[in-house]
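**Student:** To start, I am sharing the structure in question, which I have written as structure tokens.
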Amino acid sequence: MDEAKLHHEISRDEGTGGYVVYLDHLGLKTCGIGHLCIEGKDPEFDQPVGTPISKERVAELFQEDMRSVLLDCERLYPNFYELPEEAQHIIANMMFNLGLPRLRKFKNMKKAIDAGDYQQAALEMCDSKWYRQVTKRADRLVKRMRSI
């Protein structure tokens, strides 16, 4: 897997929030590249919105998040690294965006991917609340899934 390419794709989709603590579209405290601040874990959680975050801290959080995302991808898809690279990137992007508990609910998408039916997987991606919430991102990922 081209992890540099994956990092670039997710960075583009998530944005940086301007290197400050900010509220995401759900009103949750976030910083860096889509990093959800966790109470008791991230010192940024206790900082007011607008508090600057260093580029080094953003990079550190992103690396931690990406490690966690790829581990979760392997939990959900034990054969994750045997899938086509494009499917790996799409799944990882969705995992970063949704997290394991919510991506696990895409049972029909998983069945389609497990069967190698990427057209059906794309249809299942469209049939979700996620698709309606992040339509531009979802459209890009669906189009890529259809191209496999």
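Taken together, the values in this text are just the output of simple stated rules run on the coordinates, not laboratory data. Everything numeric here is computed off the predicted structure, so don't read it as measured data. We place every Cβ from the backbone using ideal geometry, glycine too, and count neighbours over all the protein chains shown.
**Student:** Set the Förster distance to 30 Å, then compute FRET efficiency between His7 and Lys105 from the Cβ-Cβ distance, nearest 0.05.
**Tutor:** Working: r = 26 Å, r/R0 = 0.86.
About 0.70, to the nearest 0.05.
**Student:** Same structure again: Using only DSSP helix segments of four residues or longer, with each worth -39500 (n - 2.57), what per-residue ellipticity at 222 nm results for the chain after dividing by its residue count and rounding to 500?
**Tutor:** Roughly -17500 deg cm²/dmol at 222 nm, from the helical runs in the chain.
**Student:** Further question on the same structure: Among Leu26, Leu70, which comes first, then next, by fewest other beta-carbon atoms within 10 Å?
**Tutor:** Numbers: Leu26 8, Leu70 20.
Ranking Leu26, Leu70 by Cβ neighbours within 10 Å, fewest first, gives Leu26, Leu70.
**Student:** So, one more: Provide the per-residue ³J(HN,Hα) series for the range 98-104, in order, calculated from phi with Karplus coefficients 6.51, -1.76, 1.60 and θ = phi - 60°, each as a whole number of Hz, with x at glycine and proline positions.
**Tutor:** For the range 98-104, the Karplus-derived couplings read 9, x, 4, x, 7, 5, 4 Hz, x marking Gly and Pro.
**Student:** Show me the trypsin sites (Lys or Arg not before Pro) within the range 41-148 that DSSP assigns to loop and that have at most 16 other Cβ atoms within 10 Å of their Cβ.
**Tutor:** Numbers: sites: Lys41, Lys55, Arg57, Arg67, Arg75, Arg102, Arg104, Lys105, Lys107, Lys110, Lys111, Lys129, Arg132, Lys136, Arg137, Arg140, Lys143, Arg144, Arg146; in loops: Lys41, Arg104, Lys105.
Those that pass, being in a loop and sparsely packed, are Lys41, Arg104, Lys105.
**Student:** Turning to a different aspect of this structure: List, in the order given, every pair from Lys55/Lys107; Lys41/Lys110; Lys110/Lys136; Lys111/Lys143; Lys55/Lys136; Lys29/Lys111 whose Cα-Cα distance in the structure shown is over 29 Å. Kindly include the intermediate steps, with their values, before the conclusion.
**Tutor:** Working: Lys55/Lys107 37 Å; Lys41/Lys110 31 Å; Lys110/Lys136 22 Å; Lys111/Lys143 19 Å; Lys55/Lys136 27 Å; Lys29/Lys111 34 Å.
The answer is Lys55/Lys107; Lys41/Lys110; Lys29/Lys111.
**Student:** Tell me, what is the FRET efficiency for Arg132 and Lys41 to the nearest 0.05, using R0 = 30 angstrom and their Cβ-Cβ distance as r? If you can, show how the numbers build up before the last one.
**Tutor:** Values: r = 30 Å, r/R0 = 1.01.
For R0 = 30 Å, the calculated efficiency reads 0.50.
**Student:** A follow-up question, please. Where the centroid of each part is defined by its Cα atoms, how far is the range 104-119 from the range 36-90 in Å?
**Tutor:** Using only Cα atoms to place each centre, the spacing works out to 23 Å.
**Student:** Something else now. So what's the net charge close to Phe96: Lys and Arg +1, Asp and Glu -1, counting the other residues with Cβ under 11 Å from its Cβ?
**Tutor:** Details: positive: Arg137; negative: Glu9, Asp13, Glu14, Asp65, Asp72.
In short, -4.
**Student:** For a quick check: with amide H placed at 1.01 Å from N, whose amide H comes under 5 Å from Tyr19's, ignoring anything fewer than 5 positions away on the same chain?
**Tutor:** Gly32
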